[in-house]
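K.L.:
Once you've had a glance at the structure underneath, I'll fire off some questions.
The values are calculated or read from the model by the stated rules, or taken from the named source; none is laboratory data. For clarity, every value in this text was computed on a predicted model and none was experimentally measured. Here the Cβ positions follow ideal geometry from the backbone for every residue, glycine too, while neighbour counts run over all protein chains shown.
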Amino acid sequence: MNRVSFLVGGAFGFLISAARLSEYAVIHDMLRLKELDVFLLMACAIGTAAPLLWLMRRSRWHTPFGGDLALVRAPITRSNVYGAAVFGTGWAIAGTCPVPALAMSASGAGLGLVVVAGLFGGIALRDRVSATRANEPSC
Amino acid sequence: MDILPERLPWFVAGPGIGLCVVALYALINRPLGATTAYLETFKFARGRRFEPWRVWFFGGLIAGGFVAALLRGGLSFNLDYGQLGEKVPLILLVPLLVAAGLVMGYGARWSGGCTSGHGIRGTSSLSPASWAATATFMATAVGVTFVLHLATGGAL
């Protein structure tokens, strides 16, 4: 399982970097709606994965290393929306997001590491907040 | 080595990324996502209980970016940051990027995913939460980018 995970992660990181999504200018131009390539790339990714996942689910796919396929489908909660708005704000400022920031760092860009450090801090902070709230006694 | 094209076209990279989502589900029945990979790597580094496959995935992301850089002419150690780096002095840029990373990380964990977990994997598996999150972060990011553009007099 770990080997598969490493290889898929490697392919994903490679494609993000090869498509130049790890560059500030590419994401900034996308978010200014000057270049639609990244939107098209995302649409292609979803357009490829969605029908295949649908077929696998329909055929009750049994995975070689993880049992019966179970797709994650969650209902909408306030956290999804509020958190996404906060995430979108940071994304717009940094012009990068979690995977491209790693690809940026891996190519030698020192400031990519600065974003990665911030990401670790933010994710760990929110995880702690969630854990604290979950442990609070309810009235 | 300079084997890779200047930029892999969207109609090649997009389906490739889609197949990464499918491969992770098809082989190990796990959802692709970067936020939890960061979180589990953080736990691993702190010596807490963690999910190994997510840490391996995190390592793979770095290795993939590294290989792509090598195939595009080698590593380039620099402190460049596009237009933002040209407009903002380094002494301000570093705290700005840390803050942006913090905001992004906090939001991604709160929302339950980021551009990969919600934006590609969750939408592909037709998860309502992921469609709502993706629409929200896309709209917010476009809005904030336009506000920044106006606020900086068109500099960004």
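K.L.:
Across region A:102-113, what is the number of residues that are surrounded by 23 or more Cβ atoms within 10 Å (Cβ to Cβ), within 7 Å of chain B (Cβ to nearest Cβ) and either within 17 Å of B:Pro95 (Cα to Cα) or in contact with an Asp or Glu (Cβ under 9 Å, 6 or more places away or on another chain) (or both)?
P.N.:
Going through region A:102-113 one residue at a time, the tally reaches 2.
K.L.:
Go through (1) within 17 Å of the chain's Cα centre (by Cα); (2) surrounded by fewer than 17 Cβ atoms within 10 Å (Cβ to Cβ); (3) within 29 Å of B:Gly82 (Cβ to Cβ); (4) within 7 Å of chain B (Cβ to nearest Cβ) one by one and return the number of the condition A:Phe39 breaks.
P.N.:
Only one criterion in (1) within 17 Å of the chain's Cα centre (by Cα); (2) surrounded by fewer than 17 Cβ atoms within 10 Å (Cβ to Cβ); (3) within 29 Å of B:Gly82 (Cβ to Cβ); (4) within 7 Å of chain B (Cβ to nearest Cβ) is unmet by A:Phe39, namely (4).
K.L.:
Turning to a different aspect of this structure: Given the options A:Gly95, A:Gly108, A:Gly88, name the one that is without any contact (Cβ under 8 Å) to a residue 12 or more places away in the chain and under 30 Å from B:Leu71 (Cβ atoms). Give the derivation first.
P.N.:
Numbers: A:Gly95 fails: without any contact (Cβ under 8 Å) to a residue 12 or more places away in the chain; A:Gly88 fails: under 30 Å from B:Leu71 (Cβ atoms).
Only one candidate qualifies: A:Gly108.
Condition check ((1) without any contact (Cβ under 8 Å) to a residue 24 or more places away in the chain; (2) crowded, with 20+ Cβ neighbours inside 10 Å) across all residues:
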{"residue": "B:Phe50", "(1), (2)": "yes, no"}
{"residue": "B:Asp80", "(1), (2)": "yes, no"}
{"residue": "B:Lys87", "(1), (2)": "no, no"}
{"residue": "B:Leu92", "(1), (2)": "yes, no"}
{"residue": "B:Ala99", "(1), (2)": "yes, no"}
{"residue": "B:Arg109", "(1), (2)": "no, yes"}
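K.L.:
Working only within region B:112-137, note down all residues that are more than 7 Å from chain A (Cβ to nearest Cβ) and among the hydrophobic types (A, V, I, L, M, F, W, C).
P.N.:
B:Trp131, B:Ala135 - these are the residues of region B:112-137 that are more than 7 Å from chain A (Cβ to nearest Cβ) and among the hydrophobic types (A, V, I, L, M, F, W, C).
K.L.:
Does B:Glu40 satisfy the criteria of being buried (at least 21 other Cβ atoms within 10 Å of the Cβ), more than 7 Å from every other protein chain (Cβ to nearest Cβ) and farther than 21 Å from A:Ser22 by Cβ?
P.N.:
Values: buried (at least 21 other Cβ atoms within 10 Å of the Cβ): yes; more than 7 Å from every other protein chain (Cβ to nearest Cβ): yes; farther than 21 Å from A:Ser22 by Cβ: yes.
Yes, satisfied.
K.L.:
Considering A:Ala84, A:Ala92, A:Ala117, which residue is out of contact with any helix residue (DSSP H, G or I) (no Cβ under 6 Å at 6 or more places or on another chain), facing chain B (nearest Cβ under 7 Å), modelled with pLDDT of 95 or more and surrounded by 15 or more Cβ atoms within 10 Å (Cβ to Cβ)? Don't jump to the end; show me each part of the working.
P.N.:
Numbers: A:Ala84 fails: out of contact with any helix residue (DSSP H, G or I) (no Cβ under 6 Å at 6 or more places or on another chain); A:Ala92 fails: out of contact with any helix residue (DSSP H, G or I) (no Cβ under 6 Å at 6 or more places or on another chain).
Selected residue: A:Ala117, the only one of A:Ala84, A:Ala92, A:Ala117 that is out of contact with any helix residue (DSSP H, G or I) (no Cβ under 6 Å at 6 or more places or on another chain), facing chain B (nearest Cβ under 7 Å), modelled with pLDDT of 95 or more and surrounded by 15 or more Cβ atoms within 10 Å (Cβ to Cβ).
K.L.:
Further question: Identify, from the list B:Phe146, B:Phe57, the residue that is part of a helix (DSSP H, G or I) and within 15 Å of the chain's Cα centre (by Cα).
P.N.:
Values: B:Phe146 fails: within 15 Å of the chain's Cα centre (by Cα).
Step by step, each of B:Phe146, B:Phe57 is checked, and only B:Phe57 is part of a helix (DSSP H, G or I) and within 15 Å of the chain's Cα centre (by Cα).
K.L.:
Here's another thing I want to ask about it. Which of the following residues is among the hydrophobic types (A, V, I, L, M, F, W, C), in a loop (DSSP other than H, G, I, E, B) and either more than 7 Å from every other protein chain (Cβ to nearest Cβ) or over 20 Å from the mean Cα position of the chain (by Cα) (or both): B:Leu4, B:Leu70? Please lay out each step first, then the result.
P.N.:
Working: B:Leu70 fails: in a loop (DSSP other than H, G, I, E, B).
Exactly one residue qualifies, and that residue is B:Leu4.
K.L.:
Also, I was wondering about something else. Of all the residues that make up region B:43-59, how many are more than 7 Å from chain A (Cβ to nearest Cβ) and of a type in the set (Gly, Ala, Ser)?
P.N.:
Residues that pass the stated criteria total 2.
K.L.:
For region A:21-58, name all the residues that are of a type in the set (Ser, Thr, Tyr) and farther than 23 Å from A:Thr89 by Cα. Show your work before the answer.
P.N.:
Of all residues in region A:21-58, those of a type in the set (Ser, Thr, Tyr) come to A:22, A:24, A:48.
Of everything in region A:21-58, just one residue is of a type in the set (Ser, Thr, Tyr) and farther than 23 Å from A:Thr89 by Cα, namely A:Thr48.
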